[in-house]
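All remarks here apply to the structure that follows.
The values are calculated or read from the model by the stated rules, or taken from the named source; none is laboratory data. All of these numbers come straight from a predicted model, not from anything done at the bench. Neighbour counts run over all protein chains shown; Cβ positions are idealised from the backbone, glycine included. In case anyone asks, the SASA skips ligands and DNA or RNA and just uses the protein heavy atoms, side chains included. Shrake-Rupley method; radii C 1.70, N 1.55, O 1.52, S 1.80 Å.
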Amino acid sequence: MATTTEAPNPGPQTQVGLTSKVIAITGANRGIGLGIAECCLSNGAARVYSIDIGETGDEFAQLSKRYPDKLFSITANVSDESTITAAIDQIIAEAGALHGMVANAGRTHHKAALDFTTEEIESLFNVNLFGAFYTARAAARAFIKQGIKGSVVFTASMASYRPNKRVPSAPYGASKAGIRNMTHTLAMEWAQYGIRVNSVSPGLVKTAMTYWVPQQPDWEQQMKYYGGFPRLAEVQELGGAYVYLLSDAASYTTSIDIPVNGVIGIC
């Protein structure tokens, strides 16, 4: 079992890092979640657990090989709170503690609002919003029980600020806007326990879900129109925001959202 108990806090921390911390990330078997996991490990996390409903792949195996005995995966369904609670219990039993939770699991579906089926809408909200709430609440209960001033970080989206004109998705944007509102409310409620709650809003990120974006015939024209960095972000480029929010250097940072979008789409 890893030694993960918190040392006495000598005062405000000036160094950003995750030394000795145990971090859980939902939906981290691939994509943005795995990029966050990599950044956590490279910044000293003792252990990182992916809580995911899917299987791990080659990229996960490669990262695990780089950080032996530090990256793990547990199967759970974020839309079923009991499975998240069970996963957290397993993490604490194995690692000795849980210090940070990233509620990252999500899905997207783009089509005109009039064309969405009830099932598609419910699917988006069940994972993106309800699943994020269940994950945060299960983590908060564990922090309180452990007596740890933990950190919850949600993955929101730039779609929570403004619509994507090319590929609109009203339910997706609404679910992510709900996350940003929930961030503020939970931060207020849980401050009494020393629990911090924040979010990160990625813009265009290079993942399996966005492979088609730069393949559009007018992609270069779009980039000139939007301004900002003329490319998609690498998943690892988001990690710094999460590492900061999970770290003790952010001990007085709560109820904020950090947009990481290269200025694209901001007018």
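The table below lists the values:
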item	result
Glu189-Gln13 FRET efficiency (beta carbon distance; Förster radius 35 Å; 0.05 resolution)	0.90
Label-point separation, Gln221 to Leu114 (7 Å along Cα→Cβ), nm	2.6
Chain lengthening between Val167 and Gln236 when straightened (0.36 nm per residue, less Cα-Cα)	22.4 nm
Candidates Val16, Val78, Val102, ranked by Gaussian network fluctuation over the chain, Cα under 10 Å, top entry	Val16
Lysine-lysine proximity count for the chain, Cα under 30 Å, sequence distance 8 or more or distinct chains	22
Size descriptor, Kirkwood hydrodynamic radius, that averages inverse alpha-carbon separations across the chain, Å	18.7
Cα gyration tensor category, rounded, prolate or oblate, for region 47-90 with a/c compared to 1.5	oblate
Assigned charges on the beta-carbon of Lys, Arg, Asp, Glu; the chain dipole about Cα centre (debye)	540
Neighbourhood charge, 12 Å Cβ-Cβ cut-off, centred on Gly44 and excluding it, Lys, Arg +1 and Asp, Glu -1	+2
Pairwise label distance in nanometres, Lys65 with Ser82, each label 7 Å out on the Cα-Cβ vector	3.9
Alpha-carbon centroid distance for the pair region 216-260 / region 122-151, whole angstrom	23
Along the chain, longest interval not containing exposed GluC sites (Glu not before Pro), exposed being DSSP loop plus at most 12 other Cβ atoms within 10 Å	56-233
For the chain, with +1 on Lys and Arg beta carbons and -1 on Asp and Glu, the positive-most of Thr117, Tyr242, Gly54 along the dipole	Tyr242
Residue (of Ala174, Asn126, Leu71) at the positive-pole extreme of region 22-257, dipole from beta-carbon charges	Ala174
25 °C / 0.890 mPa s Stokes-Einstein diffusion coefficient of region 111-211, Kirkwood radius on C-alpha pairs, µm²/s	167
Solvent-accessible area, 1.4 Å probe, carbon plus sulfur percent, for region 22-257	54
Given 10 as the ceiling on other Cβ atoms within 10 Å, longest exposed-site-free region of the chain for chymotrypsin sites (Phe, Trp or Tyr not before Pro) in DSSP loops	1-210
